[in-house]
Amino acid sequence: MRHFHFALFLLVLLLPAKPLVAATYYVGGCKSGAFTSINAAVTTVPAGSIIDVCPGVYPEQVIISKALTLRGIVGSDELAQTVITVPSGSMATASSIDFGTVTMQVEVTAGPVDISDIIVDGAQAGTNCPNVGIFYNGGSSGTVSGVEACNLCGGPGSEILAENGAGPSESVTIEDSYIHAINFAGIVTCSNQTPSTLTATIRRNYVVNFKTGIAPDCNTAGSVDNNLVGSNTFGIQAFSAFTDVLHNTFSNSSILVWAPIRVSHNTFNGGSIAVNSAGATVESNEIVNTTNSAIALTASDVILKDNITIQANIGIEFGCNTGTVSGNTINGASTGIDMVPSIFTGVNRFNDVTTVRTGGC
């Protein structure tokens, strides 16, 4: 009998382990036995759970301090949406590296926390006026996907803010989301550490109607790619030396480059590129219908190559700065290259340009 039990024990050990399946919990009226609020669910369920939220309006501030998945239930009725709105009661605040004390609608302090298919609407309710929609605070990680974040009434702030300070490195992905309305910024990321402790991937979002659409700030690592950015004063203000800006489409929005980064294969209609940092590389971009300068340099030692400008007052404004500027094609400009240093020897193409080059430096 002892031999039988020992053999059975060995058999159990040798059987392949089945992966644990995360338990799913519900919030709202579409499921019996569901939680009545999102906060009640995130406070109660064990770490690693999935919380599915029924369509409806949830006026609450949500604080998530454990790993979990929070997602709206997507049904056949397109009008049935899951919306987190501003509560009428008091709201907690948190400390932000970028903005100081902030009032946020959703705060994440652990990870990974994945949020999807939810609307975070910051329109004012009573005396509350949040200045951050979703805040991934220090020590948190996860993915925001298929979210609509909009209508913040407080400022300055950001619809989606991801930060990390001292401690382990974290990563946040913001993707496939619609971020809009009038406030300070759409997406802001920041690490105040060197080397960076935050990697932010910002991709395939539609960001519109902000002073700044996307701001990879401080020392953030990662990339901004394949976003559609429109009707912002600045589509992107790139402050981080570790963030590439690639394959984005800009409508009536410009890039300000404050760090030695790569800005490549972007398309602009009604926007421009202003380079304020030595060491930046701007290549293979297409800039159309610019009222002033398609590309402007306010720093030296910049690399500009293989860009195409179409219908600009000035194709490339050197501002007497040096740089490697070659292989660019300038079409339909009043001035091709302006305020060019006398030592400049780069070769560029000019078509239908009234004045190819001006000096004065």
All-but-one check, THR291 against (1) closer than 24 Å to ASN248 by Cα; (2) more than 29 Å from the chain's Cα centre (by Cα); (3) not charged (D, E, K, R), failing number (2)
Those residues of segment 291-306 which are outside any loop (DSSP other than H, G, I, E, B) and either modelled with pLDDT of 95 or more or not hydroxyl-bearing (Ser, Thr, Tyr) (or both) amount to ASN292, SER293, ALA294, ILE295, ALA296, LEU297, VAL302, ILE303, LEU304, LYS305
Those residues of segment 321-358 which are outside any loop (DSSP other than H, G, I, E, B), crowded, with 16+ Cβ neighbours inside 10 Å and hydrophobic (A, V, I, L, M, F, W, C) amount to VAL325, ILE330, ILE337, PHE350
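Test THR194 against the criterion of being surrounded by fewer than 18 Cβ atoms within 10 Å (Cβ to Cβ) and among the hydroxyl-bearing types (Ser, Thr, Tyr), and give yes or no. It would help to see each step written out before you state the result.
Values: surrounded by fewer than 18 Cβ atoms within 10 Å (Cβ to Cβ): yes; among the hydroxyl-bearing types (Ser, Thr, Tyr): yes.
The answer is yes for THR194.
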Restricted to segment 204-216 and to residues being in contact with a His (Cβ under 9 Å, 6 or more places away or on another chain) and part of a strand (DSSP E or B), the residue farthest from ASN151 (Cα to Cα) is TYR206
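Given LEU228, LEU161, LEU152, which one is of a type in the set (A, V, I, L, M) and within 22 Å of PRO112 (Cβ to Cβ)? Let's see the steps before the verdict.
Values: LEU228 fails: within 22 Å of PRO112 (Cβ to Cβ); LEU152 fails: within 22 Å of PRO112 (Cβ to Cβ).
It is LEU161.
Keeping to segment 267-287, report how many residues are of a type in the set (S, T, N, Q), under 15 Å from PHE318 (Cα atoms) and under 20 Å from the mean Cα position of the chain (by Cα).
Counting residues in segment 267-287 that are of a type in the set (S, T, N, Q), under 15 Å from PHE318 (Cα atoms) and under 20 Å from the mean Cα position of the chain (by Cα) gives 1.
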In segment 187-203, anything in a strand (DSSP E or B) and within 16 Å of CYS218 (Cα to Cα) is listed as ILE187, VAL188, THR189, CYS190, SER191, LEU198, THR199, ALA200, THR201, ILE202
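Taking into account only those residues within segment 114-167 that are of a type in the set (A, V, I, L, M, F, W, C) and part of a loop (DSSP other than H, G, I, E, B), which is nearest to GLN81 (Cα to Cα)?
Narrowing segment 114-167 to residues of a type in the set (A, V, I, L, M, F, W, C): 115, 118-120, 123, 125, 129, 132, 134-135, 144, 147, 149-150, 152-153, 160-162, 166.
When the remaining residues are screened for being part of a loop (DSSP other than H, G, I, E, B), the result is 118, 123, 129, 147, 152-153, 166.
Numbers: ILE118: 7, ALA123: 16, CYS129: 22, VAL147: 11, LEU152: 19, CYS153: 21, ALA166: 37 Å.
This residue is ILE118.
Does PHE250 count as modelled with pLDDT of 95 or more, part of a strand (DSSP E or B), out of contact with any helix residue (DSSP H, G or I) (no Cβ under 8 Å at 6 or more places or on another chain) and farther than 18 Å from ILE330 by Cα?
Values: modelled with pLDDT of 95 or more: yes; part of a strand (DSSP E or B): yes; out of contact with any helix residue (DSSP H, G or I) (no Cβ under 8 Å at 6 or more places or on another chain): yes; farther than 18 Å from ILE330 by Cα: yes.
Against the criterion (modelled with pLDDT of 95 or more, part of a strand (DSSP E or B), out of contact with any helix residue (DSSP H, G or I) (no Cβ under 8 Å at 6 or more places or on another chain) and farther than 18 Å from ILE330 by Cα), PHE250 qualifies.
Considering ASN219, ASN266, which residue is in contact with a His (Cβ under 7 Å, 6 or more places away or on another chain) and surrounded by 21 or more Cβ atoms within 10 Å (Cβ to Cβ)?
Numbers: ASN219 fails: in contact with a His (Cβ under 7 Å, 6 or more places away or on another chain).
After applying the criteria, what remains is ASN266.
Can you tell which of GLY271, GLY279 is buried (at least 18 other Cβ atoms within 10 Å of the Cβ) and not in a strand (DSSP E or B)? Full working, then the answer.
Details: GLY279 fails: buried (at least 18 other Cβ atoms within 10 Å of the Cβ).
The match here is GLY271.
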* To do: Restrict the check to segment 240-256 and report whether at least one residue is surrounded by 24 or more Cβ atoms within 10 Å (Cβ to Cβ), among the small types (Gly, Ala, Ser) and over 16 Å from ALA294 (Cα atoms).
  => yes
* Tell me, please, whether a residue that is modelled with pLDDT under 95 and under 25 Å from LEU161 (Cβ atoms) can be found in segment 71-81. => yes
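Quick one: would you say ALA312 is closer than 23 Å to VAL207 by Cβ and outside the structural domain of ASP217 (by TED's automatic domain parsing)? I'd like the intermediate steps shown before the answer.
Values: closer than 23 Å to VAL207 by Cβ: no; outside the structural domain of ASP217 (by TED's automatic domain parsing): yes.
Against the criterion (closer than 23 Å to VAL207 by Cβ and outside the structural domain of ASP217 (by TED's automatic domain parsing)), ALA312 does not qualify.
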So, first residue farther than 23 Å from ALA166 by Cα in segment 206-233, second residue outside any strand (DSSP E or B) and among the small types (Gly, Ala, Ser), Cβ within less than 7 Å, six or more apart or across chains; the pairs are VAL208/SER231; ASN209/ALA181; ASN209/SER231; GLY213/SER253; VAL229/SER253; GLY230/SER253; SER231/SER253; ASN232/SER253
Query raised in the report: Taking GLY359, is it modelled with pLDDT under 95 and farther than 19 Å from PRO216 by Cβ?
Result: yes
Note: among ALA110, ALA92, just one is surrounded by fewer than 18 Cβ atoms within 10 Å (Cβ to Cβ), in contact with a Lys or Arg (Cβ under 9 Å, 6 or more places away or on another chain), on the phi < 0 side of the Ramachandran plot and at pLDDT 95 or above, namely ALA110
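The values are calculated or read from the model by the stated rules, or taken from the named source; none is laboratory data. None of these values were measured; they are calculated from a predicted model. Every residue, glycine among them, receives a Cβ derived from its backbone with ideal geometry; neighbour counts consider all protein chains shown.
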